[in-house]
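The values are calculated or read from the model by the stated rules, or taken from the named source; none is laboratory data. Computed from a predicted structure; not experimentally measured. Heads up, the Cβs are rebuilt from the backbone with ideal geometry, glycines too, and the neighbour counts pull from every protein chain shown.
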Amino acid sequence: MTTAEVAKTLVELCRKGEFSKATHQLYGSNIVSVEASEMPGLGRVAKGIDAVQKKLDWWENSHTVHSVKVNGPFLSPEKFVVTFEIDVSHNASGKRDKFTEAAVYTVEGGKIVHEEFLPAA
């Protein structure tokens, strides 16, 4: 798949809420995922598909997602950016939060090999 094909497929799956499917279909086995801040018990950097799936499982089990608006993709030959506008509640506290973040993805050999999430200031 080209970078554009990977990007468009990721956006389509995320718009449907199929984040796990996107991970297994589009990510390389040695994916590196970088968050802007530490995630409880998981750190800031996840390396490998299993670690990324563990991070996604933690997110889905710890939060109730009310809505996600997915914008993009914005493309270059080997990278793309997607923005996410997220309305979510933390299950343990019940606190609701809305935030926007950009995700920068790097594609090699038709798979996402690096992603980094950058929150809006």
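Criterion first (in contact with a Pro (Cβ under 9 Å, 6 or more places away or on another chain) and either surrounded by 12 or more Cβ atoms within 10 Å (Cβ to Cβ) or in contact (Cβ under 8 Å) with a residue 40 or more places away in the chain (or both)) does A36 satisfy it? Steps first, answer last, please.
Details: in contact with a Pro (Cβ under 9 Å, 6 or more places away or on another chain): yes; either surrounded by 12 or more Cβ atoms within 10 Å (Cβ to Cβ) or in contact (Cβ under 8 Å) with a residue 40 or more places away in the chain (or both): yes.
Answer is yes for this residue.
Being among the acidic types (D, E) and either free of Cβ contacts under 8 Å to residues at least 12 places away in the same chain or touching a strand residue (DSSP E or B) at 6+ places or on another chain (Cβ under 6 Å) (or both) is the filter; apply it to region 86-115 and report the residue that is surrounded by the most Cβ atoms within 10 Å (Cβ to Cβ). So that I can check it myself, show each step before the final result.
Keep residues of region 86-115 that are among the acidic types (D, E), which gives 87, 97, 101, 108, 115.
After this cut, where a residue has to be either free of Cβ contacts under 8 Å to residues at least 12 places away in the same chain or touching a strand residue (DSSP E or B) at 6+ places or on another chain (Cβ under 6 Å) (or both) as well, the list is 87, 97, 101, 115.
Details: D87: 14, D97: 11, E101: 15, E115: 20.
Here the residue is E115.
What is the residue count in region 68-97 for residues that are outside any strand (DSSP E or B), hydroxyl-bearing (S, T, Y) and within 24 Å of T9 (Cβ to Cβ)?
From region 68-97, those outside any strand (DSSP E or B) are 76-78, 91-95; that's our starting set.
Add one more test, that the residue is hydroxyl-bearing (S, T, Y), and what stays is 76, 93.
Next, from what is left, pick out any that are within 24 Å of T9 (Cβ to Cβ): 76.
Of the residues in region 68-97, 1 are outside any strand (DSSP E or B), hydroxyl-bearing (S, T, Y) and within 24 Å of T9 (Cβ to Cβ).
Would you check if K79 is modelled with pLDDT under 95 and under 24 Å from E108 (Cβ atoms)? Even if it seems obvious, please write down each step before you answer.
Numbers: modelled with pLDDT under 95: no; under 24 Å from E108 (Cβ atoms): yes.
No; evaluated as a whole, the condition is false for this residue.
Could we say that R44 is among the basic types (K, R) and closer than 14 Å to H114 by Cα here?
Working: among the basic types (K, R): yes; closer than 14 Å to H114 by Cα: yes.
Judged against the criteria, R44 is a match.
Checking the structure you have, find out if any residue of region 46-57 is in a loop (DSSP other than H, G, I, E, B) and touching a helix residue (DSSP H, G or I) at 6+ places or on another chain (Cβ under 7 Å).
From region 46-57, those in a loop (DSSP other than H, G, I, E, B) are 48; that's our starting set.
In the following step, the residues that additionally are touching a helix residue (DSSP H, G or I) at 6+ places or on another chain (Cβ under 7 Å) were identified as none.
Checked region 46-57: no residue is in a loop (DSSP other than H, G, I, E, B) and touching a helix residue (DSSP H, G or I) at 6+ places or on another chain (Cβ under 7 Å).
Considering only region 66-78, state which residues are touching a residue at least 40 places away in the same chain (Cβ under 8 Å) and within 14 Å of the chain's Cα centre (by Cα). Full working, then the answer.
We begin by selecting, within region 66-78, every residue touching a residue at least 40 places away in the same chain (Cβ under 8 Å); these are 68, 70, 72-73, 75-78.
Of everything in region 66-78, those that are touching a residue at least 40 places away in the same chain (Cβ under 8 Å) and within 14 Å of the chain's Cα centre (by Cα) turn out to be V68, V70, G72, P73.
Closer than 27 Å to A4 by Cβ, of a type outside the set (G, A, S), in contact with a strand residue (DSSP E or B) (Cβ under 8 Å, 6 or more places away or on another chain) and loosely packed, with under 15 Cβ neighbours inside 10 Å: is that true of T83 in this structure? Even if it seems obvious, please write down each step before you answer.
Values: closer than 27 Å to A4 by Cβ: yes; of a type outside the set (G, A, S): yes; in contact with a strand residue (DSSP E or B) (Cβ under 8 Å, 6 or more places away or on another chain): yes; loosely packed, with under 15 Cβ neighbours inside 10 Å: no.
Answer is no for this residue.
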